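The values are calculated or read from the model by the stated rules, or taken from the named source; none is laboratory data. Keep in mind that this is a model prediction, so the values were computed, not measured. Cβ sites come from the backbone with ideal geometry, for glycine too, and all protein chains shown count toward neighbours. Just so you know, the surface numbers come from the protein's heavy atoms only, side chains and all, with ligands and any DNA or RNA stripped out. Shrake-Rupley method; radii C 1.70, N 1.55, O 1.52, S 1.80 Å.
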Amino acid sequence: MYIDKIYIKNFKCFQEIVLNFDPEINLIIGGNNSGKSTIFDALRLWQIAFVKFLKDRTNNKQSSFYSQRYFSFTIEDISFLRVSKFEKLFFNPNSNAKKFEIRLTFKGNNNVVELPIIFTRTGEGQVLRFELCKNNEKRNQASDSLSDVLDVAKGTDFKTSSLFTYINPLFKIPLYEPSYSKGFILNSLHQAKVNEIIRNLIHEHAPLKKEKVSNPNRKLKGDKLIEIERDLTLILNSYKTTNPIFEFSTQLEDEDVYISLFGKNTVTGIEVEISQLGSGTLNILNILSVLAFGDYENFKINALLLDEPDSHLHSNHQKNLFEYLKQKSKDENKQIFIITHNHELIDCFDKVLFLDPKRIKKEISINAIPNSQYYDVYKVIAPEYHLKMLEIAKKKEIEKELHNLTKPTIYCEGTSDVAIINLAYKKIYEQELFFNDQVSFLGGGGEGEVGNKLKNNNTDYKVIGILDNDYAGQSQMKKLTKDHGFNQLNDITYNNKKSYLVMLPIPKFRFDSAIYFETKTFIEYLFTDETLENKLGIELKEHKGESFKRFDEKQLDSIKLDIIKNIDKLEKNDFKYFIPIFNRIAEIIDFELPKINA
């Protein structure tokens, strides 16, 4: 069983929104004031309201939710929402709206149940009243559907149906902690008050200090505490060891009233009371204690709401923590929700729930976006960072592509250039396979991407880039020459002798026609004007003030398609200005070209 979605209407910053959740882990990210905390507020408010109906159902032995229709909260009951007036809970506090709704949809056992709770501001303004569903019939249906989702008999009290645990960052704890009853400990745990009972949680499982002396193997220690010590080491991993970095022990002070919990660093030998631990270590201990002692095995669904769990942690520890939580969500009955402002760590996840304020205003339903779209996230939440991340992502993609090379490879700016050069080779040398299939011939994705492939080539294979001899191609040539160690010859050769940049040649007849379009050559200009107009059906226009013709560059893509469609009409002689390209490629890869038949 898991939370499939939440519907929020007229609550805080959301006028109306549906958020679709992953069954295991949900990373919620967005800029400030985008609604991340409001999602947690809605989940927590729904939970404490739903518990009222569960208790009523249990106490009255009812088979559905209508023993008592309404319950209410005072403003103190919902202090965690950080509002002083009920009006502040509404999307527009100044409107006359009196209702807001939070509806959770649960899935399990191939069944679905929707449980809406409607909150109403009363006329007196002293309490916030709420009801489950809108009428008795709906409540009866909800009861039956929840039985199906939980796979329990109808009439069950549902007392162990769900547990939502909010885990806030913990940076300090009280110096004195009394010994509490188990019920109080669990209640505090589920109310996000771990700082008040963390010693009690561990005390039951940790050996007393005096027992450590007589029991050096620490056999009295419980399995859950061993798990905490192991996981703390896994996340911190400061000393690259699998042995526990911390060992915990307790002692009772002041006539068994107050508990002290000690943590010993097994590497340095230093032992301190946990109130003296660093805030980052203490925050991890907080999370691990909640996970270990949360009584989750008794509930059908466990939703853990982690608010900035990476706070006060070194970047390496943050990544380790996120990877640990991902694994927890897969291995155990826990659905984990995480809010973070750390945009540098979202790459730990396959997808994230990204709250873009502009998008929320346009779309009611928000889904998690995949890793491939993280660039859009960076543009919004970290504009100073996204260009760097895009560069890194592109470099990784290029490195992966180059790593898979099995032969010398040629990149053109686009796939249409590949098609035209392939056909030119076929016509000139009367062979089907380009260079007898001695090379791979691919589209490079533009002059910039071709340049990136050349400068990142660390393989054992030669990589050749063919660029248009236009402003963009010439700029890329200058950039590579200046910044990346290329030497400018007739073409450009990279200094590792494995990457080559070849500019399209400008045919002599183009130079002879006035100034020829400021020495620009696209692959289409390797054909004569007569071939372009009379054989390929390309409409050329006289360039004003000059004695040459040009095609409309705005229609370049459609022109390329017309060329490919009609290219079989051409004769071998129509391709003669492509021959210098093939000669240069053959020279680079040490290949003997076929003889050209007359």
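Key figures for this structure:
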{"quantity": "Area accessible to solvent at R230, 1.4 Å probe radius, in Å²", "calculated": "130"}
{"quantity": "Kirkwood estimate for the stretch 235-358, i.e. one over the average of 1/r between Cα atoms, Å", "calculated": "16.7"}
{"quantity": "Heavy-atom accessible area ranking, 1.4 Å probe, most first, across T250, T122, T268", "calculated": "T268, T122, T250"}
{"quantity": "Probe 1.4 Å, all protein chains present, accessible-area order of S72, S275, largest first", "calculated": "S72, S275"}
{"quantity": "The stretch 258-362, dipole about Cα centre (Lys/Arg Cβ +1, Asp/Glu Cβ -1), debye to the nearest 20", "calculated": "560"}
{"quantity": "Solvent-accessible surface (1.4 angstrom probe) belonging to V380, in square angstrom, nearest 10", "calculated": "70"}
{"quantity": "Extension gain (nm, one decimal) between Y461 and K98, 0.36 nm per residue minus Cα-Cα", "calculated": "123.7 nm"}
{"quantity": "Heavy-atom SASA rank of Y374, Y180, Y2, Y7 (probe 1.4 Å, accessible area, largest first)", "calculated": "Y180, Y2, Y7, Y374"}
{"quantity": "Packing rank of 280-289, 20-29, where each peptide gets the mean count of other beta carbons within 10 Å, highest leading", "calculated": "280-289, 20-29"}
{"quantity": "Residue-normalised accessible area of the stretch 253-381, given per residue in Å² at a 1.4 Å probe", "calculated": "44"}
{"quantity": "Accessible surface of H190 - all protein chains present, 1.4 Å probe, nearest 10 Å²", "calculated": "50"}
{"quantity": "Size of electric dipole in the stretch 337-477: Cβ of Lys, Arg +1 and of Asp, Glu -1, about Cα centre, debye, nearest 20", "calculated": "340"}
{"quantity": "Pairwise FRET efficiency - I369 versus Q15, Cβ, R0 = 22 Å, nearest 0.05", "calculated": "0.50"}
{"quantity": "Mean Cβ neighbour count within 10 Å, used as a protection proxy, ranking 591-598, 85-92 highest first", "calculated": "85-92, 591-598"}
{"quantity": "Entries of K478/K569; K36/K395; K193/K328; K172/K330; K358/K396 with Cα pairs more than 27 Å apart", "calculated": "K478/K569; K36/K395; K172/K330; K358/K396"}
